[in-house]
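Bear in mind these aren't lab numbers, they're just calculated from the coordinates by the rules spelled out. Note that the coordinates shown come from a computational prediction; the quantities given were computed from them, not determined experimentally. Here Cβ is always computed from backbone atoms with ideal geometry, including for glycine, and neighbour counts include all displayed protein chains.
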Amino acid sequence: MKLLITLYSLLLLSHSSVSQTQSRNYEFSQGQWFDGKKFVKKTMFAVEGVWVNERPDRIDSVFNLQNNFVIPPLSEVHTHSLDAIGYYKQTIARYLNDGVFYVKNPNNIGPWTKNIMSEINGPNKLDGSFANGGLTSTGGHPEILYEDRIRVEIGPHINNAPRGFFKNKSYFNIDSKADLEAQWSLILAGEPNFIKVYLANSEDIGNTPPTSRYTLRKGLHPAIVSGIVRKAHETGLRVSAHVETRADFLEALKAGVDEITHTPGFYLFSKDELDRYRLKIEDAKLAAEKGVFVVTALLSRNLTEDPELFPLVKEMQAYNLSLLKKHGAKIVIGSDHANSPWDEVRAIQELDVFDNLTLLKMWCETSPQAIFPDRKLGFFKPGYEASFLALPENPLIDLENATDISLLVKQGIVIEKTELPEPSTSHEH
C-alpha cells in the first residue's frame, strides 16, 4: 500500500490534470517483469492502454515500480458468484482487490445479469463473460438447483414464484433436435457471450445406472451436443461443457466443444466406481490435440455426499490433472463457487501437481485466453493490453506473495483498491 500511495503521489504531482479513468502514455520503470520463465528488469511503455516497443514522443506520467515483481492480472474461469443477486458490487470489488480482472460465469440468470453490465467491462472495471443460461435436458442439472433450491431460498424476492420461474432465464430444456431448432433463436436473444451445455453421467442413458445411495445428475443427450456446437460455431460463439465422468469428457471432446468446465473426478458416489471418473492417456492426448481448455474446478468436490470418499476424490483429481499436464492439455483455473480463485489455487497446491511457475503461467497467461480468446491478454508484448499487478515479493518463490499487491493497472489505468463494506442481509448466490 505504501508503494501505491507513492506512485499515486508521483502521478498527481507531475500531471494533476490526468484523469484516473482515462488512459494516457505511461512509462513504467524499475520493474521486474515476468517473461514466462523468470523476472526481467526493464522499462515498459504504454500508449492509450496498449504496450508498445519504444518510448513514445510524449509521456504523460512516469511510474517508478521500485523493483517490484510485475505479473499479468489473474483470472477466474468458472464462477457463479458474479451475478445480479445480492452483493454484486462487493463481489466486483473483491475480485479487483485480489488482482482478478477477468471472470467467466458459465451459468447465470441472463435477464438479471443485464442489470450489472454498467458496473463491469471497461478499462477501469472488472471484465465479465456470461453464458446467460445453460442448455440441459428436462429435469437435468442445473434445473433442479435453480428451481428446487435457489428459487425457494430467494422466494420473497421473486414474489414466491412457482416452479418453472427460472426456465429460459438460467436454463433451457433441450430434449431433442426439434427442441434445439425451436429454441435456438430464444437462446441467442439472450445475447450470450458463449454457450454452456451440460453432460452428466451420459453413459447411463439407455442403460441401467449403477446402484447409488445418492441421486446422480443428468444432462443433455450426447447426440444433441454436436448440433449445439455446430450452431454455436456458425454464430461465432464458443461452447463450454459441464462434465462429471470420463464418458462425459469424451462426449464433449467428440462434439467439438472449446472448453470443459470441470476436471472429472470432483464427485464420487462409490469406491467401486473409480474408473467412471479416471481419465486415460488417450483422453488427455485428445484434449491437448483439440486445444480444449480444461477448467480445474477442484472445489466442486464439496458436492461429494459421502465424507469417507473425500480422500479418494482428491486422489482422482491429482491423477487426472497430472495426466492432462503430462500430455500438454491447456489447464485453466476456475473454482465453480468460491469467493475467490485463491481458494481454488490453494486446493490445487495441496495436490502437489504443479510448481509455482506452472501455476502462475496457468493463471496469468492461459486462463485469460479461455475467457476472452479474441483479446490480447496475459503477456507483456507490443499490442497487448497494458494491464498488470505489481508485487513487492517474488511469487515464484512463494505464490502467496501475489496476495500482496502494491499497484493494479488495467489497460493503462490505475485501479484503487476498495474497502469492502460489511455484508447486508440481502441474498447473494
### Query
Which cross-chain or sequence-distant (5 or more) residues have an amide H under 5 Å from the amide H of Phe63, H modelled 1.01 Å from N in plane?
Glu27, Phe28, Ser29
### Query
Which entries in Lys42/Lys196; Lys254/Lys325; Lys42/Lys125; Lys314/Lys417; Lys169/Lys326; Lys42/Lys314 show an alpha-carbon gap greater than 31 Å?
Lys42/Lys196; Lys314/Lys417; Lys169/Lys326; Lys42/Lys314
### Task
Compute the convex hull volume of the Cα atoms of the chain, divide it by the residue count, and report the result per residue in Å³ as a whole number.
151
### Stokes-Einstein D for region 111-231, Kirkwood Rh over Cα pairs, 37 °C, 0.692 mPa s (µm²/s)
205
### Query
How long is the gain from Glu350 to Leu420 if the chain were fully straight, where each residue apart is worth 0.36 nm and the alpha carbon distance is subtracted?
22.3 nm
### Efficiency of FRET from Cβ geometry, Asn121 and Lys42, R₀ 30 Å, rounded to 0.05
0.45
#### Entry: Among Ser270, Ser387, Ser137, residue whose mean-square fluctuation peaks in a GNM of the chain (springs only between Cα atoms under 10 Å)
Ser270
### Per-pair calculated FRET efficiency, R0 = 56 Å: Asp57 and Leu274 via Cβ, rounded to 0.05
0.30
### Task
Quick one: what are the phi-derived ³J(HN,Hα) couplings along region 185-194, Karplus 6.51/-1.76/1.60 with θ = phi - 60°, whole Hz, x for glycine and proline?
5, 5, 4, 5, 4, x, 6, x, 7, 7
### Message
Greater than 32 Å separation of Cα atoms is the criterion. Which listed pairs, Lys89/Lys280; Lys37/Lys89; Lys38/Lys376, meet it?
### Response
Lys89/Lys280; Lys37/Lys89
### Query
With contacts defined as alpha carbon pairs under 8 Å and 6 or more residues apart, what's the relative contact order of region 74-371 in percent?
18
### Query
So what are the ³J(HN,Hα) numbers for region 370-381, from phi and the Karplus equation (6.51, -1.76, 1.60; θ = phi - 60°), rounded to whole Hz, Gly and Pro as x?
6, 8, 10, x, 8, 10, 8, 10, x, 9, 9, 10
### Task
Choose one answer from Pro222, Pro73, Pro311: the residue with the largest mean-square fluctuation in a GNM of the chain with alpha-carbon springs under 10 Å.
Pro311
